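Asker: This is the structure I have questions about; it appears just below.
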Amino acid sequence: MAKVGIIMGSNSDMPVMQEAITILQDFNIETEIDIVSAHRTPEKLYDYAKNAHLRGIQVIIAGAGGAAHLPGMVASMSPLPIIGVPVKSSNSIDGWDSILSILQMPGGVPVATVALNGAKNAGILAAQILGSSDKKVQQTIIDYKEELKVKVEKASEDLNSKK
């Protein structure tokens, strides 16, 4: 069964959301990917939000641009943690409309929000949430962070060796 659901408002969001898909695949975490528009397919949105946990989804990453209602609407109906990815879209006001639509949720309807086009961090955060109860996933995150540290140390050594 899939553990992370990745949804987006339209196919045009896929280049951004691909980063979440890729990092979760790198971590060997199963995903379910779909296009669910808050405005054009509200019935599908309702069904997805109400039933994702019954299909084994444990975390939902929802990417949306423009008015960006998808993450908040899913959060209003789902018992799962929702991670919102604001997407800078063609009809966006430099992405601020998306950021604020996802970030400024009312009390009782939380959405964890990552940076504009920050789908990679959404994938990492989803893995960290899963890792809080799955030691194998947690070890994957520990190893990933160690790799990041090693890359920075190597870059520092390379830079300082040129002096």
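Asker: So which residues in segment 102-115 are outside any helix (DSSP H, G or I) and in contact with a Ser or Thr (Cβ under 7 Å, 6 or more places away or on another chain)?
Answerer: Val109
Asker: Give the number of residues within segment 43-66 that are free of Cβ contacts under 8 Å to residues at least 12 places away in the same chain and either not in a helix (DSSP H, G or I) or not basic (Lys, Arg) (or both).
Answerer: Number satisfying all stated conditions: 4.
Asker: Exactly one of (1) modelled with pLDDT under 95; (2) within 20 Å of Ala115 (Cα to Cα) is unmet by His39. Its number?
Answerer: Single failed check for His39: (2).
Asker: Within segment 91-116, can you find the residues that are charged (D, E, K, R) and either crowded, with 16+ Cβ neighbours inside 10 Å or touching a residue at least 40 places away in the same chain (Cβ under 8 Å) (or both)?
Answerer: The answer is Asp97, and nothing else.
Asker: Would you check which residues across segment 30-60 are crowded, with 16+ Cβ neighbours inside 10 Å and among the hydrophobic types (A, V, I, L, M, F, W, C) and list them?
Answerer: Listed by number, the residues that qualify are Ile33, Ile35, Val36, Ala38, Leu45, Ala49, Ala52, Ile57, Val59, Ile60.
Asker: Can you tell me how many residues in segment 13-29 are part of a loop (DSSP other than H, G, I, E, B) and either touching a His at 6+ places or on another chain (Cβ under 9 Å) or surrounded by 14 or more Cβ atoms within 10 Å (Cβ to Cβ) (or both)?
Answerer: So the answer is 2.
Asker: Scan segment 133-163 for residues that are surrounded by 10 or more Cβ atoms within 10 Å (Cβ to Cβ) and not in a helix (DSSP H, G or I) and jot them down.
Answerer: Correct list: Asp134 only.
Asker: Follow-up question, since we're still on this one. Exactly one condition in (1) assigned to a helix (DSSP H, G or I); (2) in contact with a strand residue (DSSP E or B) (Cβ under 7 Å, 6 or more places away or on another chain) is not met by Ile33; state its number.
Answerer: Result: Ile33 fails condition (1) only.
Asker: Just to check your reading of the model, which residue among Ile129, Ile124, Ile99 is in contact with a strand residue (DSSP E or B) (Cβ under 6 Å, 6 or more places away or on another chain), more than 18 Å from Asp13 (Cα to Cα) and part of a helix (DSSP H, G or I)?
Answerer: Answer to the check: Ile129.
Asker: Among residues belonging to segment 1-12 that are within 16 Å of the chain's Cα centre (by Cα) and in a loop (DSSP other than H, G, I, E, B), point out the one that is surrounded by the most Cβ atoms within 10 Å (Cβ to Cβ).
Answerer: Here the answer is Gly9.
The values are calculated or read from the model by the stated rules, or taken from the named source; none is laboratory data. Predicted model only: the values in this text are computed from it and were never measured. In this analysis, Cβ positions are derived from the backbone assuming ideal geometry, glycine residues included, and neighbour counts consider all displayed protein chains.
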